Amino acid sequence: MAIFYSFFKTLIGKEIVVELKNDLQLQGTLHSVDQYLNIKLTNVRVVHRERYPHMNSVRNCFVRGSVVRYVQLPAADVDVDVLHDATRVEARALKAAAAAGTLAVRVRWR
Amino acid sequence: RIRRGGMGSKSKVTTAIEEPLGLIRLSLDERVYVKLRGDRELRGKLHAFDQHMNMVLGDVEETLTTVEVDEETYEEIIKTTKRQIEMLFVRGDGVILVAPPLRTS
């Protein structure tokens, strides 16, 4: 049930660009990620840094998952076939869990 | 599973209930159109998604739409800005809708 958490773990050490909902874009190396898709970046460089002078001295940062709009990824580091398979597995697991949930409710009402 | 009959009682066509995410699943590895909050649209190849509508899209074009109002004529000027991104993770809380690409693309 954690397809994108696992996906981001495969990208640790790679260069990514995190675009926040306030339009700030942070380029850096993915250091770590957690279940909420909170991200820690190292060697941070602000894209369009002239617009964000307050970030000049930031080298490492923690980004709350909920403020992320996009993460730009290097296509070469993404295996799309693995993603397709993982999505199908995830969808199947969800369906099974939903079906099991419904079943439990029915039993209780009896 | 829902059994759907035709007019006669003899037809035995069964259709599995397709919940909305199941319909998106049909578009895996196909190009899709995604409408996002903030007057943004994406067109790209759907590689992955989850129940939150988090997605990974490939070969993406993002279209940003802005409306400027002319000070004198009060005319509305609609502008679009486009951007190409080779591989993109999209956080689900910004997604409004997912559809097959519109014919204008």
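The values are calculated or read from the model by the stated rules, or taken from the named source; none is laboratory data. Computed from a predicted model, the values in this text were never measured in an experiment. Here Cβ is always computed from backbone atoms with ideal geometry, including for glycine, and neighbour counts include all displayed protein chains. Side chains included, ligands, DNA and RNA excluded: accessible areas come from the protein's heavy atoms. Shrake-Rupley method; radii C 1.70, N 1.55, O 1.52, S 1.80 Å.
Summary of the geometry: the range B:53-88 and the range A:54-72, compared by the centres of their Cα atoms, lie 22 Å apart.
When only the heavy atoms of the protein chains count and the probe is 1.4 Å, how do B:Thr66, A:Thr87 rank by accessible area, highest first?
Values: B:Thr66 60, A:Thr87 0 Å².
In descending accessible area the options line up as B:Thr66, A:Thr87.
Basic side chains Lys and Arg get +1 at the Cβ, acidic Asp and Glu get -1 at the Cβ, and with that the dipole of the protein assembly as shown about its Cα centre reaches some 1540 debye.
Averaged over the residues of peptide B:89-101, the number of Cβ atoms from other protein chains lying within 10 Å of each residue's Cβ is 3. Rolling a 1.4 Å probe over the protein chains gives A:His31 an accessible area of about 100 Å².
Jot down the per residue volume, in cubic angstrom and as a whole number, of the convex hull over the alpha-carbon atoms of the range B:26-80. Could the numbers behind the result be given before it?
Values: hull volume 4.4 nm³, N = 55.
Enclosed volume per residue, from the Cα hull, is 80 Å³.
Axis angle, to the nearest 10 degrees, between helix A:80-109 and the longest C-alpha principal axis of chain A: 40 degrees. The mean sequence distance of close C-alpha pairs (under 8 Å, at least 6 residues apart), as a share of the length of chain A, puts its relative contact order at 25 percent. Counting only Cα atoms, I'd like the Rg/Rh figure for the protein assembly as shown, Kirkwood definition for Rh. In the protein assembly as shown, Rg relative to Rh is 1.07. The B-A contact accounts for roughly 2400 square angstrom of buried accessible surface, both chains included, probe 1.4 angstrom. With contacts defined as alpha carbon pairs under 8 Å and 6 or more residues apart, what's the relative contact order of the range A:1-49 in percent? 33 percent. Calculated [222 nm] ellipticity per residue, helices only, for the protein assembly as shown: -6500 deg cm²/dmol; basis is -39500 (n - 2.57) per DSSP H run with n ≥ 4, divided by all residues, nearest 500. Largest to smallest in accessible area, the residues B:Glu61, A:Glu90, B:Glu19, B:Glu86 fall in the order B:Glu86, B:Glu19, B:Glu61, A:Glu90 (1.4 Å probe, all protein chains included).
Please work out the average accessible area per residue across chain A, using the 1.4 Å probe convention, and give it in Å². Spell out each step's value before the answer.
Values: 6660 Å² over 110 residues.
Result: 61 Å² per residue.
At the listed q of 0.11 Å⁻¹, the Debye profile of the range A:1-96, built from one uniform point per Cα, gives log10 I(q)/I(0) equal to -0.36.
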